[in-house]
Amino acid sequence: IKLSKGQATRDLGQQAFEGETPKNYPEVGKPLVQAQAARNEGILQNFDSFVDATGKESYGLRATGKIVDEALVNASNKAKKEINDAYKLARDAGETAELVDVTPVQKFLSGLEAESINAPIIKSAEVKLNSLAKNGKVSINDLEEIRKMVNRLSGDTKSNMEYGRQINQLIDSTTENVGGQLYKDARALRAKYAREFENVGVVDKLLSKKPGTSDRSVALEDVFAHSILNGSLDDVRAIGRTLKKAGPEGEQAWKELQGQTIENMKSAVTKNIQRDQGGNPIVSPKQLDVMVKNLDSDGKLDYIFGKKGAQEIRDLRDTAINVYSPVAGINQSNTSSALIQALDRIKTSSLSKIPMAGPVYEFGADILERRKLGKQVQESLEFNPVDVAKELRKGQ
């Protein structure tokens, strides 16, 4: 995106000239207006190019959310099948018939009588465990069935979820050093699943339902905000790791989140109701700056796009600021620069009052000043910072 001389140098007088000439002399300043419209279109095209570079295929928040949701659900179901298959192998080999001491679990549950009022899962687990225990011992297989029941019932309220997590942790510690190798392999897969899908709040919430309903905890339209905008860097990394491990489907889902981040930026910076001469919305550099800074504050921009991609976005932000943020102090009304004022002075000079001579002089001077304006317009449009840098190196 080629900046004007005033935008590149941040010179107040030059920016005043570039802003005021099209107002006072539309024909002379028309190239300045056209160049500015081209810059605006160039910024918008950069957003589109960035989206294409991510490999995003869908459009809109709901479509993005659906792709991410399907990738996570399928990855979760695949992991669950591997766990179930591993436990079946252990059961078939007789490794889950071993009895384990569950008195620590019984003692824990019996001591939560008051808490069970708001977390009925406690009483359910206690009744089930006591019905299966013989002299304080339960088979590994029965204990796994209790775990399944806890998982099934713990998702309806926050209290149940918290105590369900504690119960399962106690079951894990009880069965830590028991059973054969097949059972240990199954437990390892289950622990891995918990690390990737359950113990990571941002992922767990995407997979969970609202308490007591079949509705999603996070609506499809909100998946992007939940995954990228509202989360911390750790949350974004967790989403990224889980999706990237989920094969081609998960990798595409991550691309959808990357592309949606760019689309979200473009949507925010083009909410301006003003349009340029080409009908394009005029970019708001302030909105872009806010979004980039928010993502940059804790490193999310670098993680989502990589260091090179993140820098390209920062460069686009900086360019937009230069294109649309004049130097403080410039009056954007119809005040005139020195060159434009010269034209105004001609009409009020003493020569303009001399019969015959005035109009002739005024016409000739007007042509001369317009030529000067045109030359300065061309200098503005053809300004090249590289040439200036070369001259500076020469000491000129």
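Residues with amide H under 5 Å of ARG216's amide H, sequence separation 5 or more or different chain, H placed in the peptide plane at 1.01 Å from N; which?
Under 5 Å from the amide H of ARG216 lie the amide H atoms of LYS210, each far enough along the sequence or on another chain.
Given points 7 Å out from each Cα along the Cα-Cβ axis, report the THR103 to GLU251 separation in nanometres with one decimal.
Computed distance between label sites THR103 and GLU251 equals 5.5 nm.
Relative contact order for the chain: what is it in percent, counting Cα pairs under 8 Å that are at least 6 residues apart?
Reported relative contact order: 28 percent.
Once fully extended, how much extra length lies between LYS286 and SER173, figured as 0.36 nm per residue of separation less the alpha-carbon to alpha-carbon distance?
35.3 nm
Run the simple label-point estimate for LEU392 and SER267 please: 7 Å along Cα→C-beta, distance reported in nm.
Distance between label points: 4.1 nm.
How much length is gained on full extension from SER232 to SER131, taking 0.36 nm per residue of separation minus their Cα-Cα distance?
Stretched fully, the SER232-SER131 segment lengthens by 31.9 nm.
Send over a whole-number figure in Å² for the accessible area per residue of region 33-110, probe 1.4 Å.
54 Å²
Mind pulling the angle between the C-alpha long axis of helix 121-132 and the longest principal axis of the chain? Nearest 10 degrees, somewhere in 0 to 90.
So the helix axis and the longest Cα principal axis differ by about 30 degrees.
Considering the dipole of the chain built from charges on the beta carbon (Lys and Arg +1, Asp and Glu -1) around the Cα centre, which of ALA93, MET291, GLN260 is farthest to its positive end?
Final value for the positive-end residue is MET291.
For helix 26-54, what angle does its Cα long axis make with the longest principal axis of the chain, in degrees from 0 to 90 and rounded to 10?
That works out to roughly 20 degrees.
Could you look at the chain and say what percent of its accessible area is carbon and sulfur, using a 1.4 Å probe and all protein chains?
Roughly 52 percent, rounded to a whole number.
At 7 Å along Cα-to-Cβ for each site, give me the label-to-label distance between ASN77 and ALA93 in nm.
2.9 nm
Please give the FRET efficiency for ARG314 paired with ARG241, using the beta carbon to beta carbon distance and R0 = 22 Å, rounded to the nearest 0.05.
0.35
Need one number: the % of Cα-Cα pairs in the chain sitting beyond the 34 Å mark.
54 percent
Which angle from 0 to 90°, rounded to the nearest 10, does the C-alpha axis of helix 357-382 make with the longest principal axis of the chain?
It works out to around 30 degrees.
Can you give the calculated 222 nm mean residue ellipticity of the chain, where each DSSP H run of n ≥ 4 adds -39,500 (n - 2.57) and the sum is split over every residue, rounded to the nearest 500 deg cm²/dmol?
My calculation for the chain gives -22500 deg cm²/dmol from helical runs alone.
How high is the FRET efficiency between ASN199 and ASN118 when r is their beta carbon distance and R₀ equals 22 Å, given to the nearest 0.05?
Computed FRET efficiency for ASN199 and ASN118: 0.45.
LYS307 to LYS192: extension gain in nm, 0.36 nm per residue of separation minus the Cα-Cα distance?
Roughly 38.4 nm would be gained on extension.
The values are calculated or read from the model by the stated rules, or taken from the named source; none is laboratory data. Predicted model only: the values in this text are computed from it and were never measured. Here the Cβ is made from the backbone with ideal geometry for all residues, glycine too, and neighbour counts use every protein chain on show. Areas reflect the complete protein model, heavy atoms only, side chains present, ligands, DNA and RNA absent. Shrake-Rupley method; radii C 1.70, N 1.55, O 1.52, S 1.80 Å.
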